[in-house]
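Take a look at the structure below.
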Amino acid sequence: MDDSFYQAVKYNCDISDARDNGIYSICTLVLKLRNLYKWEHGLNPWEEPDPPVLLDWIGAREEYWETIHGEEFSPIPVSGKGIDPFLPEEITPRLSAANLLYGAGYGRSMKAVFFVADVLEERWVEGCRTFVLGREKARELSSPFAMLQDNTIYIRKEPMRFYFWDQIQEINPSCRLSMQQALKAYGLMPDNSPLDRKQLIDIFDRIVDEELEIFIYHEVGESRENLLSSSQLQKIIGAYPGTAIELLSRSVKDILADTHPAGLLPHIIGRKKKSSLGFYLAFLDGMRKLLGAAVNEAGRDFWDSGDWTLVRDAVAECRRTNEEIACRLLDMNRRLERGDSPAAVKRWAEKNILAPLGLEVPAWKGKAT
């Protein structure tokens, strides 16, 4: 591919970042910018740039964003033709000779996602065409490392490596036991000894390779889960982007995918793979941790007993709970579809969905319709 192709994709990545970097907290934005810097400069996750250099780079990047914030996404030039950047199905077939894959879509808070990567492996998993991708030539700030589009799964190893490293290094104390159990399965932290950084680096890519399946089977579960469809989810997100309602809706869909009979947790239980259970529980955070409380609690008992029945029963309980929440979300969606005002539906959702979960909601006057 010539430079014009890569430059167009990179430019669209920059526009996406310029438009929507505000969806992140300051701490999250700095972390994502740090990892973007590492990727652009060919650094491994464990290689840290000098702070002054990184800060200067971040400042320059933010100034650049200001200059392109209002620009439109550019068509992608392929074989002398400009193609809509949101039509990867038209672009990727033209890249097959170079063993490249082009991806595009929307991520959290409807942030546009674009990337170009080498194809390492293509396989079929539970009826889903699955691509494992390697070195990336273009990417934007969010870089989701597991995606499902039209029954096709994309696993992006480069951003996954950064995710794993950051999670291992910055694990929340409440998740430390699960992380320790996951790492013990790879010979790290024996007898709860401190983590050996050099030993971790030596086997880090083996860990990533062996744990790919937990993310593949999350997407398999999502492809099979039909209670809260992607189109229904997108309607909710479109009405309330960046709100607690969006976070809850996405998290419910994630937990339903994980607890689906073809999904991640039944797959882990079927294989009795302790490392994957440990990483799964360690990675549970925010809203997903709240919604997956039954599994998280069972995990604490599991490390003592090794009884997989505890986990299996907790998965069933967790699924029932999230199915009930999903039904209330669908009720909310029906109210939007019948023409109720978004403000009135939001008040109804805060009272009938968020408040029963113990989520803080703003006070309002009057009654929800």
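Please specify each residue of region 203-238 satisfying the condition of being in contact with an Asp or Glu (Cβ under 9 Å, 6 or more places away or on another chain), surrounded by fewer than 17 Cβ atoms within 10 Å (Cβ to Cβ) and not charged (D, E, K, R).
Once the filter is applied, which keeps residues that are in contact with an Asp or Glu (Cβ under 9 Å, 6 or more places away or on another chain), surrounded by fewer than 17 Cβ atoms within 10 Å (Cβ to Cβ) and not charged (D, E, K, R), region 203-238 yields L227, S230.
Suppose the filter is hydroxyl-bearing (S, T, Y), surrounded by fewer than 20 Cβ atoms within 10 Å (Cβ to Cβ) and within 24 Å of Q232 (Cβ to Cβ); does T309 pass it? Steps first, please.
On the way: hydroxyl-bearing (S, T, Y): yes; surrounded by fewer than 20 Cβ atoms within 10 Å (Cβ to Cβ): yes; within 24 Å of Q232 (Cβ to Cβ): no.
So T309 fails the test.
In region 1-55, what residues are within 30 Å of L195 (Cβ to Cβ) and among the charged types (D, E, K, R)?
From region 1-55, those within 30 Å of L195 (Cβ to Cβ) are 24-55; that's our starting set.
Within region 1-55, K32, R34, K38, E40, E47, E48, D50 qualify.
Is it true that some residue in region 106-122 is modelled with pLDDT under 95, over 24 Å from N44 (Cβ atoms), in the same structural domain as N12 (by TED's automatic domain parsing) and assigned to a strand (DSSP E or B)?
Yes, there is a match, as at least one residue in region 106-122 is modelled with pLDDT under 95, over 24 Å from N44 (Cβ atoms), in the same structural domain as N12 (by TED's automatic domain parsing) and assigned to a strand (DSSP E or B).
Could you check region 97-119 and list, in sequence order, the residues that are surrounded by fewer than 17 Cβ atoms within 10 Å (Cβ to Cβ) and among the hydroxyl-bearing types (S, T, Y)?
Y106, the sole residue that qualifies.
If you check every pair at least six apart or on different chains, which have Cβ atoms under 8 Å apart with a residue in region 300-323 that is of a type outside the set (G, A, S) first and a residue that is part of a loop (DSSP other than H, G, I, E, B) second?
Pairs that qualify, where the first residue is of a type outside the set (G, A, S) and the partner is part of a loop (DSSP other than H, G, I, E, B), are D301/D307; W308/K272; C318/G292; R319/H260; E323/L227.
Tell me, yes or no, whether region 162-172 has at least one residue that is within 30 Å of P93 (Cα to Cα), outside the structural domain of E246 (by TED's automatic domain parsing), touching a Phe, Trp or Tyr at 6+ places or on another chain (Cβ under 8 Å) and in contact (Cβ under 8 Å) with a residue 24 or more places away in the chain. Break it down into steps so the answer makes sense when it comes.
Of region 162-172, the ones within 30 Å of P93 (Cα to Cα) are 162-163.
Narrowing further to those that are outside the structural domain of E246 (by TED's automatic domain parsing): 162-163.
If we keep only those that are touching a Phe, Trp or Tyr at 6+ places or on another chain (Cβ under 8 Å) too, we end up with 162-163.
From what's left, in contact (Cβ under 8 Å) with a residue 24 or more places away in the chain: 162.
Yes.
Scan region 127-172 for residues that are part of a loop (DSSP other than H, G, I, E, B) and within 13 Å of G103 (Cα to Cα) and jot them down. Before you say what the answer is, go through the steps one by one.
Within region 127-172, the subset part of a loop (DSSP other than H, G, I, E, B) is 127, 140-145, 150-151, 170-172.
Of everything in region 127-172, those that are part of a loop (DSSP other than H, G, I, E, B) and within 13 Å of G103 (Cα to Cα) turn out to be E140, S143, P144, F145, D150.
Of all residues in region 151-199, count the ones that are in contact with a strand residue (DSSP E or B) (Cβ under 9 Å, 6 or more places away or on another chain) and modelled with pLDDT of 95 or more.
Number satisfying all stated conditions: 9.
Before we move on, is P52 at pLDDT below 95, outside the structural domain of E246 (by TED's automatic domain parsing) and exposed (fewer than 13 other Cβ atoms within 10 Å of the Cβ)?
Judged against the criteria, P52 is not a match.
Consider region 32-65. How many of its residues are more than 23 Å from I15 (Cα to Cα), assigned to a helix (DSSP H, G or I) and touching a residue at least 40 places away in the same chain (Cβ under 8 Å)?
0
Only one of these is within 18 Å of Y163 (Cβ to Cβ) and under 14 Å from the mean Cα position of the chain (by Cα): E219, E211. Name it.
The unique qualifying residue is E219.
Under 9 Å by Cβ, and 6 or more places apart or on different chains, what pairs join a residue from region 264-276 that is on the phi > 0 side of the Ramachandran plot with one that is of a type outside the set (K, R)?
Taking only residues 6 or more apart or on different chains, the pairs are K272/W308.
Looking at the structure I just gave you, is R94 charged (D, E, K, R), surrounded by 16 or more Cβ atoms within 10 Å (Cβ to Cβ) and over 26 Å from the mean Cα position of the chain (by Cα)?
yes
Given T259, T321, T309, which one is in contact with a Pro (Cβ under 8 Å, 6 or more places away or on another chain) and either under 24 Å from F164 (Cα atoms) or assigned by TED's automatic domain parsing to the domain that holds K351 (or both)?
On the way: T321 fails: in contact with a Pro (Cβ under 8 Å, 6 or more places away or on another chain); T309 fails: in contact with a Pro (Cβ under 8 Å, 6 or more places away or on another chain).
Of T259, T321, T309, the one residue that is in contact with a Pro (Cβ under 8 Å, 6 or more places away or on another chain) and either under 24 Å from F164 (Cα atoms) or assigned by TED's automatic domain parsing to the domain that holds K351 (or both) is T259.
The values are calculated or read from the model by the stated rules, or taken from the named source; none is laboratory data. Source: prediction; values computed, not measured. Ideal geometry is used to build each Cβ from the backbone, glycine not excepted, and the neighbour counts take in all protein chains shown.
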